[in-house]
1. Any idea which of (1) more than 30 Å from residue 280 (Cα to Cα); (2) at pLDDT 95 or above is the one residue 245 doesn't satisfy?
2. Do we find a residue being among the hydroxyl-bearing types (Ser, Thr, Tyr), within 16 Å of residue 29 (Cα to Cα), touching an Asp or Glu at 6+ places or on another chain (Cβ under 7 Å) and surrounded by 15 or more Cβ atoms within 10 Å (Cβ to Cβ) anywhere in segment 50-69?
3. Does residue 246 satisfy the condition of being among the charged types (D, E, K, R), closer than 29 Å to residue 257 by Cβ and open to solvent by less than 40 Å² (accessible area, probe 1.4 Å)?
4. Can you pull out every residue in segment 188-227 that is in a helix (DSSP H, G or I) and touching a residue at least 24 places away in the same chain (Cβ under 8 Å)?
5. Restricting attention to segment 58-87, report how many residues are part of a helix (DSSP H, G or I), more than 23 Å from the chain's Cα centre (by Cα) and touching a residue at least 40 places away in the same chain (Cβ under 8 Å).
6. Specify the residue that is surrounded by the fewest Cβ atoms within 10 Å (Cβ to Cβ); the eligible residues are those in segment 31-42 that are more than 12 Å from residue 11 (Cβ to Cβ) and among the aliphatic types (A, V, I, L, M).
7. Here are some conditions: (1) in contact with a strand residue (DSSP E or B) (Cβ under 8 Å, 6 or more places away or on another chain); (2) among the aromatic types (Phe, Trp, Tyr); (3) free of Cβ contacts under 8 Å to residues at least 40 places away in the same chain. Residue 126 meets all but one. Which one does it not meet?
8. Can you work out which of the residues in segment 155-167 that are under 21 Å from the mean Cα position of the chain (by Cα) and over 15 Å from residue 102 (Cα atoms) is surrounded by the most Cβ atoms within 10 Å (Cβ to Cβ)?
Amino acid sequence: MAENKTYVILDLEWNGTYSRRIKGFINEIIEFGAVKVDESLNILDTYEALVRPQVGKKISGKIKTLTSITNEELEGGLQFMQVTSRFRKWMGGAVLMTWGTSDILTLIENCRYFCGDPHIPFLGKYIDLQTYCQKMLDYEPGKQMGLTTAAELLGIDGEGFGHHRALGDSLLSLRCLQRLYCPELLDSMTQQADEEFYRRMTFKTMILCDLNSPLIQPGDMVFHCAQCGRPAQRVGDWQLKNKSYRAIFTCRSCHSSFYGRVQFKLKYEGLLVKKSTVPIRPENAEREDRPEPQRVPVVPLNLAEPEDEEEMEP
């Protein structure tokens with residue numbers, strides 16, 4: 001007889017603090033909140049625990065305002081390893097879900113710091129609930145949908161869920177899942193937390209700034225006219241601006257001119273090429289009267305820069 005499947009939706013709150021030991025910042029987890037459900041998404045139990053900080057003795061004013069968690073409350077919390085041990089027993093063999101992967105990355109960071117091992121002790125199978133909901137809602141590709149946005153799109157009033165508190169956000173995530181529940185799709189998105197999973201999770205997306213990179217194909221630098229769709233000719237040098245290359249193109253057929261812009265993101269799955277065109281209009285020409293960015297020569301192979309990260313709020 002098949003064992004009944006259970007799911008746990010976990011949310012975390014954390015405080016960015018400087019560690020002298022690693023001579024850098026760490027997102028130290030200060031709260032766990034989770035809800036356990038059965039295959040029909042009926043609530044079986046909830047979990048809530050504050051984590052007493054060991055690195056940063058005081059939480060930042062921003063996090064205090066965002067979560068309403070006080071330093072006095074955290075003094076009564078358990079240490080990170082104690083909370084993870086209790087959470088593991090409470091969770092059992094359930095499939096873990098989080099809204100996006102930032103909580104998973106923060107767990108890996110804390111496990112590495114406090115336990116010396118980046119592996120999350122209670123993680124066996126995992127589902128990215130954010131990606132699931134984006135697929136169900138046919139959300140704009142390339143953009144990440146926040147939990148609040150998802151709730152608004154689904155007509156869910158998030159006021160009563162304790163926004164930016166771990167348990168409240170996990171319950172709001174559940175409500176979104178209940179509105180979009182498709183067991184077959186959910187099962188298909190289940191990932192095994194094996195070594196490849198950890199490599200994929202911790203892979204740092206990079207912006208390639210080397211036109212000589214073997215990953216870049218000649219066709220990646222070709223642009224077509226937005227007016228007539230025919231291939232356009234580049235009439236200026238490639239310039240690097242805001243971590244993307246751009247150049248002026250002219251169409252020989254309809255004689256229109258435009259800027260072609262291309263950016264190369266090296267992700268775990270491979271190279272992502274983002275291309276766009278901007279018509280050359282008088283207002284754009286006025287901007288060109290300003291000092292031009294320095295022209296970029298061909299740079300050595302494999303030069304890459306880390307992708308700019310958006311500030312992640314817990």
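The values are calculated or read from the model by the stated rules, or taken from the named source; none is laboratory data. No experiment lies behind these values; they were computed from the predicted model shown. When we count neighbours, we look across all protein chains shown, and the Cβ atoms used for this are built from the backbone with ideal geometry, even at glycine. Side chains are part of the model used for accessible areas, which takes the heavy atoms of the whole protein and leaves out ligands, DNA and RNA. Shrake-Rupley method; radii C 1.70, N 1.55, O 1.52, S 1.80 Å.
1. Only one criterion is unmet by residue 245, namely (1).
2. Within segment 50-69, one or more residues are among the hydroxyl-bearing types (Ser, Thr, Tyr), within 16 Å of residue 29 (Cα to Cα), touching an Asp or Glu at 6+ places or on another chain (Cβ under 7 Å) and surrounded by 15 or more Cβ atoms within 10 Å (Cβ to Cβ).
3. yes
4. From segment 188-227, those in a helix (DSSP H, G or I) are 188, 195-202, 218-221; that's our starting set.
Result: 197, 198, 199, 200, 201, 202, 220, 221.
5. 4
6. Of the residues in segment 31-42, the ones more than 12 Å from residue 11 (Cβ to Cβ) are 36-42.
Now drop any that are not among the aliphatic types (A, V, I, L, M), which leaves 37, 41.
Working: 37: 20, 41: 16.
Checked segment 31-42; the qualifying residue surrounded by the fewest Cβ atoms within 10 Å (Cβ to Cβ) is 41.
7. (3)
8. Filtering segment 155-167 for residues under 21 Å from the mean Cα position of the chain (by Cα) gives 163-167.
Keeping just the survivors that are over 15 Å from residue 102 (Cα atoms) gives 163, 165, 167.
On the way: 163: 15, 165: 19, 167: 21.
Restricting to residues being under 21 Å from the mean Cα position of the chain (by Cα) and over 15 Å from residue 102 (Cα atoms), the top hit is 167.
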